[in-house]
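Structure record follows, encoded as structure tokens.
The values are calculated or read from the model by the stated rules, or taken from the named source; none is laboratory data. Small disclaimer: the values here were computed from a predicted structure and weren't measured. Please note: Cβ atoms are built from the backbone with ideal geometry, for glycine as well, and neighbour counts cover all protein chains shown. Only protein heavy atoms, including side chains, enter the accessible area calculation; ligands, DNA and RNA are left aside. Shrake-Rupley method; radii C 1.70, N 1.55, O 1.52, S 1.80 Å.
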Amino acid sequence: MKQPTFRGRELLPLSVIEAARAGDPLAMERVLRYYESYMDKLCTRTLYDLDGTPHVQVDEYMKRRLQNRLIRAILNSP
């Protein structure tokens, strides 16, 4: 059977989500990898150096906060 897709991207299987809710670290890592590109997009910032030159990069602190919130939401869901 073909995996369901959303905008051309395969969705996470329900079994992976259930395993992550049960506390399986490999499943949780798979969920985090699935959402990694979305979190990178949300956490992309334009930073300026001393000369005023802009640099676009991912704010790693904000990305870790998003990952922690996702983990807590998965583990605390009813």
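Numerical summary
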| read-out | value |
| --- | --- |
| Residues of the range 10-34 satisfying the condition of being open to solvent by 90 Å² or more (accessible area, probe 1.4 Å) and under 20 Å from LYS63 (Cβ atoms) | PRO25, GLU29, ARG30, ARG33 |
| Residue match in the range 36-50 (condition: aromatic (Phe, Trp, Tyr), open to solvent by 70 Å² or more (accessible area, probe 1.4 Å), without any contact (Cβ under 8 Å) to a residue 12 or more places away in the chain and in contact with a His (Cβ under 8 Å, 6 or more places away or on another chain)) | yes |
| Scope the range 19-78; condition under 21 Å from THR5 (Cα atoms) and among the aromatic types (Phe, Trp, Tyr); matching residues | TYR34, TYR35, TYR38 |
